[in-house]
Amino acid sequence: MSDDVPFMQEALAEARVAAAAGEVPVGAVLVYDGRIIARTGNRTIRDCDPTAHAEIVVLREAARILGNYRLTGTTLYVTAEPCSMCAGAIIQARIDRLVYGCDDPKGGAIRSCFEVLSNPTLNHQVEITSGVLADECAGLLQSFFAARR
């Protein structure tokens, strides 16, 4: 897990940029061959696009960069547990590994509300690591929403 911390810190940096822009502070980075090839935060408001979650935008960018919609050999780092839409995209992209920070008890689709990636009948299995910098990831979300109440 210690190897995951620097990449999660980069995802947190993207989440902070998203928060500064008024977006829900979720950040994601995609790593291939030990380097970040795509990074962003949520962009749903900026792009006026309900699908512009950080995970989706990162997968789109990485596919463009690698010239392949199959992103095998990659690890996705995201600050919060992905929703069902993003979990489905992770499967379709053939991400090898997902690392996320904090759980999302109201919409998480990895273990909180649903277990989308855990179904043994899926044609692709994703290795999952959760809880990396969880307190920092959760704190960023909590402070963002507290400021809006």
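The values are calculated or read from the model by the stated rules, or taken from the named source; none is laboratory data. If you're wondering where the values come from, they're calculated on a predicted model, not measured in any experiment. Note: ideal-geometry Cβ built from the backbone for every residue, glycine included; neighbour counts use all protein chains shown. Protein only, heavy atoms only, side chains kept; ligands, DNA and RNA dropped before computing areas. Shrake-Rupley method; radii C 1.70, N 1.55, O 1.52, S 1.80 Å.
Structural remarks
- Residue match in the range 75-96 (condition: among the polar types (S, T, N, Q) and part of a loop (DSSP other than H, G, I, E, B)): no
- Residues of the range 99-148 that are open to solvent by 50 Å² or more (accessible area, probe 1.4 Å) and outside any loop (DSSP other than H, G, I, E, B): 118, 127, 128, 135, 136, 142, 143, 145, 146, 147.
- Candidate set from the range 1-57 (those that are assigned to a helix (DSSP H, G or I) and of a type in the set (Lys, Arg)); member that is farthest from residue 80 (Cα to Cα): 46
- Test result for residue 57, within 23 Å of residue 6 (Cα to Cα), crowded, with 17+ Cβ neighbours inside 10 Å and aliphatic (A, V, I, L, M): yes
- The range 83-98, residues that are surrounded by 24 or more Cβ atoms within 10 Å (Cβ to Cβ) and touching a strand residue (DSSP E or B) at 6+ places or on another chain (Cβ under 7 Å): 90, 95
- Options 56, 91: the member that is hydrophobic (A, V, I, L, M, F, W, C), under 25 Å from residue 143 (Cβ atoms) and in contact (Cβ under 8 Å) with a residue 12 or more places away in the chain: 56
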